[in-house]
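> Before anything else, here's the structure in question.
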Amino acid sequence: MVNVQFWLRSLSVLLEVGVVSLFLNAFNVLIGFILRSFTSWFTDIKEKEELGKKTELLELEMIKLKLDPHFLFNTINNIDVLIETDPEKASEYVFKLSSILRFYLYKASDSVINLSDELKYIHEYVELQKIRTSNLEFVNLTINGDPANKKIAPMVFIPFIENAFKHSLDKKTNAIVINIEILHDVVHFQCKNKKNLFIDEHSEAKGLGDSLIKNRLKLIYGDNYHINVNDSEKEYLVDLKIPV
């Protein structure tokens, strides 16, 4: 009888130890699974964040370094014509074009540049566009204020100006008005153009999309900027304020 009780007690202890051991093993397996899952999840999140950052940076670089080939080819052709009729003027425009190309090579890839460099680029771009028409009133550019000691992201305004020229093909009218006002800590940019209602949707006058331009502004300035776009049937107006 004693032996039976002894063996029953021994069996009970063994069962208890087995259950505890099984529970501990299962618990360890569960903890290991949770840790592996968390590590994998965290790694996936980090990889997605890095991929998102790389995509955003690539998008920024693509916008900044977008040199319009039609503008370049048209400018070279117009300068070529001027060489025969007005060599001095042609030389002046060659200097402006080389200045613009230097800006693309040495300034556009920077995160911030001097506001004066951006304004110089805009002025020379507008001057080169004027070669294509004898109408001095086709475009009106006004810059007010002192850009000294102020910084800005490169190529912030120029996509809107490029689009204005691409969508204002009627050079017989005062089609484009650009106003830039430099205040204490803000630059107020306005660009208005009359639309050409007969632009072929497959033509070169497509320009850089508004959503892409706005996305770049968002990536650079977050919520620290203000933009208002008025797109009517006959006119397009951009009103933009950014900190400097």
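The values are calculated or read from the model by the stated rules, or taken from the named source; none is laboratory data. Just so you know, these numbers come straight off a predicted model, no measurement behind them. Cβ atoms come from the backbone with ideal geometry, glycine included; neighbour counts cover every protein chain shown.
> Output the residues belonging to segment 124-139 that are touching a residue at least 12 places away in the same chain (Cβ under 8 Å) and surrounded by 14 or more Cβ atoms within 10 Å (Cβ to Cβ).
124, 125, 126, 127, 128, 129, 131, 132, 133, 135, 138, 139
> Is it fair to say residue 182 is within 19 Å of residue 231 (Cα to Cα) and of a type outside the set (D, E, K, R)? Talk me through it step by step, then tell me what you get.
Working: within 19 Å of residue 231 (Cα to Cα): no; of a type outside the set (D, E, K, R): yes.
In short, no.
> So, in segment 108-157, of the ones that are of a type in the set (Asp, Glu) and part of a helix (DSSP H, G or I), which residue ends up nearest to residue 218 (Cα to Cα)?
Within segment 108-157, the subset of a type in the set (Asp, Glu) is 110, 117-118, 124, 127, 137, 146.
Narrowing the set further to residues that are part of a helix (DSSP H, G or I) leaves 117-118, 124, 127.
On the way: 117: 22, 118: 19, 124: 27, 127: 30 Å.
By that ranking, first place goes to 118.
> Let me ask another. How many residues does segment 230-242 contain that are under 14 Å from residue 157 (Cβ atoms) and out of contact with any Lys or Arg (no Cβ under 8 Å at 6 or more places or on another chain)?
4
> Going by the structure shown, is residue 177 in the same structural domain as residue 107 (by TED's automatic domain parsing), closer than 20 Å to residue 236 by Cα and assigned to a loop (DSSP other than H, G, I, E, B)? Break it down into steps so the answer makes sense when it comes.
Values: in the same structural domain as residue 107 (by TED's automatic domain parsing): yes; closer than 20 Å to residue 236 by Cα: yes; assigned to a loop (DSSP other than H, G, I, E, B): no.
Judged against the criteria, residue 177 is not a match.
> With 94, 81 as the choices, which residue is in contact with a helix residue (DSSP H, G or I) (Cβ under 7 Å, 6 or more places away or on another chain), surrounded by fewer than 18 Cβ atoms within 10 Å (Cβ to Cβ) and assigned to a helix (DSSP H, G or I)?
Working: 81 fails: in contact with a helix residue (DSSP H, G or I) (Cβ under 7 Å, 6 or more places away or on another chain).
Result: 94 is the single residue among 94, 81 that is in contact with a helix residue (DSSP H, G or I) (Cβ under 7 Å, 6 or more places away or on another chain), surrounded by fewer than 18 Cβ atoms within 10 Å (Cβ to Cβ) and assigned to a helix (DSSP H, G or I).
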